[in-house]
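Below you'll find the structure, written out as structure tokens, and then a few comments.
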Amino acid sequence: MENRTGRISSPAECVRGIERAISGHDLDALTACFDPDYRSEFPVHLDRAFRGHAQMRKNWAQIFAGVPNIQATLLHTVEDGDTVWAEWEWTGTRRDGARFWQRGVTIQGVQHGRVVWARLYMEPVQEAGAGTDSAVAQIVAGEKPGDTTLGPAAMHGR
């Protein structure tokens, strides 16, 4: 929400603007939520890091085209100074009719009403699997997790 000066009133409100822009499929409004020199990191996918509006716009243009009915739901936020921790759920239907469903956390650094850096921990929801024991056994054995080719990296064009 903008205050009377036209500026975002809090870092958490900036993140709520991202939610509205994603659900409204508004690439320009989404871009306005980010600093032109924005830094994006994916701590568990190191090769996906990028900087700037150009890649961010390219990524979200692909997401909006690939999941034309995407809806972002901000489940929880915690604001600590200029940092916002946000828990998300992103849902929709891909062009091929498959369900798009991701959940995770993002951590944003906000200055002057815009995100200047973010760390994304968004992943596809796995509805069925072998359960906790199998997952822990895979982790301990060093096996790679299930296929995430339809996850955020593919949607981000990385």
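With a cut-off of at most 14 other beta carbons within 10 Å, and DSSP calling the residue loop, which trypsin sites (Lys or Arg not before Pro) in region 46-123 qualify? Please list them.
Taking region 46-123 and a limit of 14 other Cβ atoms within 10 Å, the loop trypsin sites (Lys or Arg not before Pro) found are R95.
Express the accessible area of region 35-121 per residue in Å², computed with a 1.4 Å probe while the remaining protein chains stay in the model.
Solvent-accessible surface per residue comes out at 52 Å².
Could you sort Y38, Y121 by accessible area so the largest value comes first, with the probe set to 1.4 Å?
Largest accessible area first, the residues go Y121, Y38.
Using a cut-off of 14 Å between beta-carbons, work out the net charge of the residues near E79 (Lys and Arg +1, Asp and Glu -1, E79 not included).
Around E79, the charge tally is -3.
For every other residue with a beta carbon closer than 11 angstrom to the beta carbon of E89, add +1 if it is Lys or Arg and -1 if Asp or Glu, then tell me the sum.
-1
When the Debye formula is applied to the Cα atoms of the chain, each taken as the same point scatterer, what base-10 log of I(q)/I(0) results at q = 0.11, 0.12, 0.19 Å⁻¹?
Each listed q maps to, in turn, -0.46, -0.54, -1.25.
The values are calculated or read from the model by the stated rules, or taken from the named source; none is laboratory data. Bear in mind that the values here come from a model prediction, so they are computed numbers and not experimental data. A quick note on method: Cβ atoms are made from the backbone with ideal geometry, for glycine too, and the neighbour counts reach across all protein chains shown. SASA here: full protein model, heavy atoms, side chains in, ligands and nucleic acids out. Shrake-Rupley method; radii C 1.70, N 1.55, O 1.52, S 1.80 Å.
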